[in-house]
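Okay, structure first, notes after.
The values are calculated or read from the model by the stated rules, or taken from the named source; none is laboratory data. Keep in mind the model is a prediction, meaning the values are calculated, not measured. Here the Cβ is made from the backbone with ideal geometry for all residues, glycine too, and neighbour counts use every protein chain on show.
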Amino acid sequence: MVYKHGVYSSEIPTSIIPPVKTSAGLPVVFGTAPVHLATNPMPANKPVLCYSYAEAVAAFGYSADWEKYTLCEFIYSHFSLFNVAPIVLINVLDATVHKTAVTDKAMTIEGGTAIIKGEPVMLDTLVVKLVSAGQPLVKGTDYVAGYNDDLNVVITPVQGGAVLTGQTSLVISYTKLNPEAVNSDDIVGGIDVTTGETEGLELVSKIYPLFRLVPGQILAPGWSGDPVVAAVMHAKARNINGVFQATAIADIPTTGTAAVKQYTQAPAWKNTNNYVDEQLIVCWPKVSLGGKQFHLSTQLAGICCQTDAANDDIPYVSPSNKSLQANAAITAEGKEIYLDLSQANYLNGEGIVTALNFIGGWKAWGNRTGAYPGITDIKDTYIPVRRMFNWIANTLILTHWQKIDGPITRRFVESLVDSANIWLNGLAAREMILGGRVAFLEEENPTTDLLNGVFRLHYYVAPPAPAENIEEVIEYDTSYFKSLFGE
């Protein structure tokens, strides 16, 4: 032991632990992207965190063909229409797998260029030859190639190169993307048995280790109308990294053999296809703006993020009755759907969020998760309450993780209890919850569990329910006839 002579100081850990912040509504979005148009293309099945439109387009490219390239719809909606960030994007369109080879295609040089129209060409695979020569031409020396504003590949001979003036023909070979080859199995993903790599929705578990951000919403616009995809989405949402929870948002399809084109068909489809989980929000139909079609799940995610951002990133406010960026509700064929209030309320009563143009323009309309009406527990049926339970649990896990493996002493337990109570009191003071407390109960902590290093804290918390039904009671009061006679 060191001999001491003088005045010394030491420190002990603060007994109150400040809560760790979480991103309540962080969207994790799965789909396909036009990586042939990206300036800094990311590999398939790689989560990419994006804080801006420019970042997303650089990593994934952008195309107006949202049916083929589903991530572009979300990129446009989230950044351009709702102006919220960040998002995590995962492209499952693998240029090494979902591809088609084009060999020895004859091209004509017209007006000094040869143009490959409407083909998603991977430029690094392009091989250009003269008709009369077997050796490929040299890019940069004999020709240059790139995409124009119409997303066509333009091949331009370089003056002084091997393409002589007057030559009008070229032979080209290339590999092009084949987005039509992607199916729901690619979205669902799993573990590649050959490489051992994680793919598709299985990548949800990689988000927190990669970015230290907890997923808040899981989406796959254009794919979530497949019951298998939706089932995996809400299964992953319930158990992320074995500890976290999130909300999945899915669409009832308006296209294909299972298309739901009338509102009266939507509840039966929802129940038949088991879109009835408390961690699942179910949407119908699509919406449009300026001729662009959006899955309602895409815009609902934007509304959730926008609403959370306006409330200190705490999801206690419902996304219902918040403005959509839309001027019509439609089917996939573009047929407009006009729901009156009673029809929209019918869908709400079946646990379906819809779009309503009633007072104040187009709004998202509906407070219930997919579990309703089969389940009526408030924590599982109201969207903001369910999201608050997820957020509270995620925050507590992140906050208390630093205490794992500490000695179970009275002071240790009191530090957790006191910190959580101070935090809950703060939420209650700001009316983000109606009230909350935490207790360490003897009956919930038997000696056998304490011997095994297990103890439980019991949280009591009440997030506010949305004011879904305000009744105005009006009565004729005859006493006011006295006003006819003055004082």
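Can you name the residue in region 49-70 that is touching a residue at least 24 places away in the same chain (Cβ under 8 Å), of a type in the set (A, V, I, L, M, F, W, C) and under 26 Å from Ala310 (Cβ atoms) and, of all such residues, is surrounded by the fewest Cβ atoms within 10 Å (Cβ to Cβ)? Per the criteria, the residue is Leu49. Restricted to region 412-432, and to residues there that are farther than 19 Å from Asn311 by Cα and of a type in the set (A, V, I, L, M, F, W, C), the residue that is surrounded by the most Cβ atoms within 10 Å (Cβ to Cβ) is Ala420. Annotation: of all residues in region 154-205 being among the acidic types (Asp, Glu) and part of a loop (DSSP other than H, G, I, E, B), the one that is farthest from His98 (Cα to Cα) is Glu197. Residues in region 232-248 that are of a type in the set (S, T, N, Q) and part of a loop (DSSP other than H, G, I, E, B): Asn239, Asn241, Gln245.
Each row is one residue, and each column tells you yes or no for (1) in contact with a helix residue (DSSP H, G or I) (Cβ under 6 Å, 6 or more places away or on another chain); (2) free of Cβ contacts under 8 Å to residues at least 40 places away in the same chain; (3) part of a loop (DSSP other than H, G, I, E, B).
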| position | (1), (2), (3) |
| --- | --- |
| Gly225 | no, yes, yes |
| Ala230 | no, no, no |
| Ala250 | yes, no, no |
| Thr254 | no, no, yes |
| Thr257 | no, yes, yes |
| Pro267 | no, no, no |
| Asp308 | no, no, no |
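Taking the stated definitions as given, is Lys105 charged (D, E, K, R), in a strand (DSSP E or B) and buried (at least 16 other Cβ atoms within 10 Å of the Cβ)? Here the answer is no, as Lys105 does not meet what is asked. If the condition is being crowded, with 17+ Cβ neighbours inside 10 Å and either of a type in the set (Val, Ile, Thr) or in the same structural domain as Leu203 (by TED's automatic domain parsing) (or both), then region 116-129 contributes Ile116, Val121, Val128.
Counting only residues that are over 25 Å from the mean Cα position of the chain (by Cα) and of a type in the set (D, E, K, R), region 318-353 holds 3 of them.
Would you call Tyr275 among the aromatic types (Phe, Trp, Tyr) and either under 19 Å from Pro466 (Cα atoms) or out of contact with any Gly (no Cβ under 8 Å at 6 or more places or on another chain) (or both)? No: the conditions fail for Tyr275.
Restricting the search to region 446-463, which residues are part of a helix (DSSP H, G or I) and under 39 Å from the mean Cα position of the chain (by Cα)?
Filtering region 446-463 for residues part of a helix (DSSP H, G or I) gives 447-451.
The one that is part of a helix (DSSP H, G or I) and under 39 Å from the mean Cα position of the chain (by Cα): Asp449.
Having 3 or more residues that are in contact with a Phe, Trp or Tyr (Cβ under 7 Å, 6 or more places away or on another chain) and closer than 23 Å to Ile249 by Cβ is the bar; report the helices (runs of 4 or more DSSP H) wholly within region 312-430 that clear it.
The qualifying helices (runs of 4 or more DSSP H) are 341-348, 383-400.
Checked against the criterion of being in contact with a Phe, Trp or Tyr (Cβ under 8 Å, 6 or more places away or on another chain), modelled with pLDDT of 95 or more, over 16 Å from Ala301 (Cβ atoms) and among the small types (Gly, Ala, Ser), the candidates Ala56, Ala38 yield just one match: Ala38.
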